[in-house]
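Below is one structure, written out as structure tokens; the observations come after it.
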Amino acid sequence: MNFRCSSAPLAELGCDGVALGLFSSSWQQQLAALLPALASQLELLLEQREFKAKGGEKHSFSFPGQQPSLVIISGLGEPDGFDGLALRKAAASLALASRGSNLKALALGLPLEAFAPDQALTALMQGCRLALYKDERFRSENKPSLDPGEIVLQGLASELDQQLAQQEAICQGVMLARELVAAPPNVVNSLSLEATARSIADQFGCELTVLDEAACRERGMGAYLAVAQGASIPPRFLHLVIRPQGPVKRKLALVGKGLTFDSGGYNLKVGGSQIELMKFDMGGCGAVLGAARTLAELKLEGLEIHVISAATENMVSAEAIYPGAIVTASNGKTIEINNTDAEGRLTLADALVYACGLEPDAIVDLATLTGACVIALGDEIAGYWSPDDGLAQQLSDAAHRAGEGLWRMPLQSSYKDGLKSGLADMKNTGPRPGGSITAALFLKEFVKPEIPWAHIDIAGPVWSDKGRSTDPSGATGYGVRTLVEWCQAVAADAKEGLSQG
Ligand code: BES
Ligand code: MN
Ligand code: ZN
């Protein structure tokens, strides 16, 4: 599917499909201005259907043999609340309504007056592209796509076409993350993730370092390897570096939990724990690799980006770690594994120590870490924790611009008592109440206090059972857009010579 911008009137674009959005106040006048030739006919048809142009109302009309042959009209409600997210949703829902019509070209006409051109372009293109994403990899039959061949973004100057490549790079990152997360655990594993990282490195000229089990043992990664020892597929510790063309002004580390399957280990997941969905437990890795795919193409000036994931699977076998085992992480801290199902934090512990060793200006980790976070915030909002208010604000702003739900949670230090062990420096699992907070406090033990760090628990938004107005059901690719927005903001700050956080 192709995208193009045009400021020519809708009726002059020569598209066989037209999709437009109308505000509830005076929708008849807007219709007359947008499609003068068809307006009176459409007005009658819409009135028959008692159209009020309320948000969510949508109607399609076909005019066989005419140009356009399909007109889709949606209500947008009052102009007041029509923000960037509403624009994205409107574009997504109109694009979806055109699906199956096999249009050569769909002209998309939405009111853009209240938006900056690049904000409008982002909402329209991402809205359409990511809503129309469809995963057909695992079907035996290849059905032809009946999506529009081209979407014309009406109301945007054609000079903006040069920004479409950047938007395409962002969409490709989100779609890569979705593909990685949705792929079943017998397809995506530590070795295939290595291959994915390698292909990003090859395609965009980045540097990839891969530590195998022996190399991880040499570095003393006893927490990560304790999880990996039950797996028959060997662990892979992935480290991808995206370097800028010119001098480095900021160094960032993105760390993703990379559990390609989480059975729970000997603390086996039981009924109701969605064990069959635990392929998505590498959603953090998927998000950072997706972001890497985008950022490697964008090559932001002044930014060196380190993408890290300790990939493995959490399995049951004679070699699997005992509940109650005590292991030592690569910073020398000892951990009593009182629950093998709290494995993500064990892998992240060594990944965070490694990231700190790179002395970055900031570290952000993403992880499908706790069911508790899903209970707290549901599946549209990720929770995040950071001791650094500056970094926390940057992430909140980035997520807002990206249209991804993100809510700051407390690092309540008194809850650390829940991780006290009678024998080791700490246990890996605290009590059930506040479970996502103790998980974050556990991770904090492996981060150097002088390095700004944030942890994002994406256990809820990594997956959508029902789908949303802007996305199909299944893997969402959550996190990619926020990470890219954040990196872009840090790069812009660095360029202006502002100090970090
Ligand atoms: N991968 C899970 C977290 C998870 C659970 C994500 C449900 C999405 C949906 C994680 O490894 C896990 O099992 N966490 C346990 C921690 C507990 C043992 C302290 C949990 O949340 O139940
Ligand atoms: Mn688990
Ligand atoms: Zn897990």
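Where a number appears in this text, it was derived from the coordinates with a stated rule and is not lab data. Since the model is a prediction, treat every value here as computed from it, not as a measurement. Here the Cβ is made from the backbone with ideal geometry for all residues, glycine too, and neighbour counts use every protein chain on show.
Assorted remarks:
- For the pair E218 and E450, a Förster radius of 35 Å applied to the C-beta separation gives a FRET efficiency near 0.85, rounded to the nearest 0.05.
- Normalised by the number of residues in the chain, the average gap of Cα pairs under 8 Å and 6 or more apart makes the relative contact order 15 percent.
- Centre-to-centre, using Cα atoms only, the stretch 430-473 and the stretch 13-28 are separated by 41 Å.
- Using θ = phi - 60° and Karplus 6.51 cos²θ - 1.76 cosθ + 1.60, couplings along the stretch 179-195 (whole Hz; Gly, Pro as x): 5, 5, 6, 6, 4, x, x, 8, 10, 9, 9, 4, 6, 6, 5, 4, 5
- With the simple spin-label model, which puts each label point 7 Å out from Cα in the Cβ direction, the A39 to E301 separation comes to 4.5 nm.
- Evaluating 6.51 cos²θ - 1.76 cosθ + 1.60 at θ = phi - 60° for every residue in the stretch 29-34, the Karplus couplings come out as 5, 4, 4, 5, 6, 7 Hz, glycine and proline recorded as x.
- Given R0 = 60 Å, the distance between the Cβ atoms of A8 and E276 translates into a calculated FRET efficiency of 0.75.
- Taking Cβ atoms as reference points and 12 Å as the exclusive limit, the residues near A228 contribute a net charge of -4, counting Lys and Arg as +1 and Asp and Glu as -1.
- Amide H contacts of D388 (H built 1.01 Å from N, under 5 Å, at least 5 apart or other chain): W453
- Label sites at N186 and E78, each approximated as a point 7 angstrom past Cα along Cα to Cβ, lie 5.5 nm apart.
- Taking 0.36 nm per residue of separation and subtracting the current Cα-Cα distance, fully stretching the chain between Q412 and R99 would add 107.9 nm.
- Here the stretch 376-501 carries DSSP beta bridges of which approximately 60% are antiparallel, counting only pairs with both residues inside.
- Contact order normalised by residue count of the stretch 429-501, Cα under 8 Å, 6+ apart, percent: 15 percent
- Per-bin percent of Cα-Cα distances, the chain [20 Å]: 23, 50, 23, 3, 0
- Comparing the stretch 74-228 with the 2.2 N^0.38 Å rule of thumb, its C-alpha radius of gyration ratio is 1.39 (two decimals).
- Difference of contour (0.36 nm per residue) and Cα-Cα distance, S232 to R49: 59.8 nm
- C-alpha long axis of helix 39-48 to longest principal axis of the chain, angle in °: 70 degrees
- Stretching the chain fully between Q163 and N142 yields a gain of 4.4 nm (0.36 nm per residue, less the alpha carbon separation).
- Near F3: Cβ cut-off under 15 Å, other residues only, Lys/Arg at +1 and Asp/Glu at -1. The net charge is -2.
- Here the Karplus curve 6.51 cos²θ - 1.76 cosθ + 1.60, taken at θ = phi - 60°, turns the phi angles of the stretch 78-84 into couplings of 6, x, 3, x, 7, 9, x Hz, with x standing for Gly and Pro.
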